[in-house]
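Heads up, the thing below is written out as structure tokens.
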Ligand code: HEC
Ligand code: HEC
Ligand code: HEC
Ligand code: HEC
Ligand code: HEC
């Protein structure tokens, strides 16, 4: 081991060239699963920078304020060794997905090693060699790092092989060319070019009461089907596969999800208005964690542009339930609870994959000249803001305007 570290330091210092002359065998590298993103990033700069901004790099309780607040409440201090889940009394399951390299080594002290603190880091994915599904041999649930087999011998990737060309990044370096590169490399397209690369952490998590949480949900997106997750979430940007992985935290990505259209007509009883929401995604919208939600706001204006009617004033959930799109999980008595403590799904009003939904509104007032529809996305719901809101930065609590449409009456 000592010899390996010394060689590694020499290699890192000389960025490949020096090592190229001193390396004798392909096994002269530190354990692959302990290589930090910064070290990969020394060569893969663009990918490193994209990843650094992504929620994958910010997935642990040390960095993500929303997950961090909930983790501290349900588990404890992410810098302490030996903390357990307060409900199960066991090793915190959260880490299997939010800090997979720590979970693999059974640690809960997330600042102990760079790869722990980096969350879903380069080697989390690029040492995964096989997806085993979410069910263990004994029928129990296995998620996150537990759902995969990892390789200690070779980095895994879509193509794997050294392409034989002199790489532009670092003179003399190239995976798969054992004489010049410390990292052996294996081609693994069956994992890397399929949704299985993501499903171990993203398909679903069943809590102790059998309720699915932190999930993309039951969708048509299986292991071997298309479109793959990568086709939307990892596009080719500037000639390489982007690792920015935009999702709910990215306004531009959220705005792609839906087509909103609106019509309004005068009738006997008032203005008849129809709002259509069409989900363009291969999964639910909103998706993922149950506290994500959408709120549709309808307003009617008079000739002076004053609002003379709206579908809700304070609480859309009670005043106009159809305007709230979310997975509502509750305790057995129907009270809203944290997803991990939920015992039933009270309602699922999210738009399903590909769904087009029309909502009708009768606006029973005189003098309407325009009707407006606005769709807002919230990363966290009201209940959570009441519980942990003081620990969350303002922008995370602010509704995002996803889409708007206006119809004028003759
Ligand atoms: C010394 C510079 C260097 C370092 C450090 C480095 N790489 Fe690479 N990597 C390269 C080069 C150069 C290529 C292109 C190789 C080629 O085409 O032959 C490459 C290619 C790859 C590929 C694409 C292989 C394929 O064809 O599918 C992946 C994935 C990859 N690296 C991951 C990593 C990861 C993960 C790390 C950190 C553990 C890392 N690399 C560290 C230089 C480096
Ligand atoms: C969430 C899993 C995941 C993480 C984390 C991840 N990668 Fe990748 N990486 C992929 C997938 C999937 C591909 C695409 C494979 C394909 O289609 O051939 C890929 C492709 C690559 C490639 C090939 C370049 C290209 O244009 O296709 C390189 C190099 C690479 N990754 C390096 C890294 C580095 C460096 C990091 C950390 C900074 C990293 N990856 C983090 C999943 C991941
Ligand atoms: C080891 C587990 C793991 C793997 C594998 C993984 N992810 Fe993730 N991913 C996470 C976690 C955990 C988060 C949430 C981070 C947070 O918000 O705290 C996340 C976040 C995301 C987000 C951003 C969500 C947001 O709120 O903005 C997207 C998009 C995403 N992942 C897509 C993918 C895709 C596509 C793949 C496969 C190529 C993949 N992930 C593989 C664990 C994983
Ligand atoms: C047709 C394109 C498309 C495909 C295919 C797709 N997604 Fe998405 N995904 C999106 C868009 C657009 C959003 C943003 C809207 C939203 O957050 O619901 C999104 C959102 C997400 C989020 C953010 C959830 C959150 O709570 O912040 C995650 C995670 C995610 N997708 C993972 C996946 C995974 C995993 C797959 C494959 C099983 C996949 N997606 C397939 C387009 C796609
Ligand atoms: C099976 C994998 C998995 C496990 C286990 C898991 N999560 Fe997550 N979690 C995710 C993924 C993936 C996302 C991000 C995308 C989404 O919304 O689905 C996420 C998102 C979150 C978010 C939202 C973060 C944000 O920035 O908006 C919170 C909070 C959260 N998880 C808390 C927890 C807690 C607390 C635990 C443990 C009790 C836990 N999760 C266990 C996969 C998991």
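Every number in this text was worked out from the coordinates using simple rules, so none of it is lab data. Predicted model, so just to flag it, every value in this text is computed and none were measured. Every residue, glycine as well, gets a Cβ built from its backbone with ideal geometry; the counts of neighbours run over all protein chains shown.
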key: Taking 223, 374, 333, 50 and counting other C-beta atoms within 10 Å, the order from fewest to most   = 333, 223, 374, 50
task = Give me the distance in nm between label points sitting 7 Å out from Cα along the Cα-to-Cβ direction at residue 187 and residue 73, one decimal.
result = 4.9
request  = Show that you can apply the helix-only estimate: for the chain, add -39,500 (n - 2.57) for every DSSP H stretch of four or more residues, divide by all residues, and state [θ] at 222 nm to the nearest 500.
outcome  = -5500 deg cm²/dmol
message = Taking the Cα centroid of the stretch 288-355 and of the stretch 61-95, what is the distance between the two, rounded to the nearest whole Å?
response = 29
query = Taking the Cα atoms only, what angle lies between the long axis of helix 65-74 and the longest principal axis of the chain, rounded to 10 degrees?
reply = 80
ask   = Ranked by Cβ crowding within 10 angstrom, fewest neighbours first, how are 39, 203 ordered?
value = 39, 203
inquiry  = Starting from 0.36 nm per residue, how many nanometres of slack lie between residue 335 and residue 390 once their C-alpha separation is accounted for?
reply    = 17.6 nm
inquiry  = Which residue fluctuates most in the GNM of the chain (Cα springs below 10 Å): 116, 361, 376?
reply    = 361
ask   = Length gain on complete extension for the stretch residue 269 to residue 314, per 0.36 nm per residue less the alpha carbon to alpha carbon distance?
value = 13.7 nm
message = Can you give me the angle between helix 2-14 and the longest principal axis of the chain, using Cα atoms only, in degrees from 0 to 90, rounded to the nearest 10?
response = 70
ask   = In which sequence would 194, 72 go, from the one with the fewest C-beta neighbours within 10 Å to the one with the most?
value = 72, 194
task = Would you mind calculating the gained length between residue 109 and residue 46 on full extension (0.36 nm times residue separation, minus the Cα-Cα distance), in nm to one decimal?
result = 19.7 nm
inquiry  = Mean-square fluctuation check for the chain, GNM, Cα pairs under 10 Å: which of 324, 236, 75 is largest?
reply    = 236
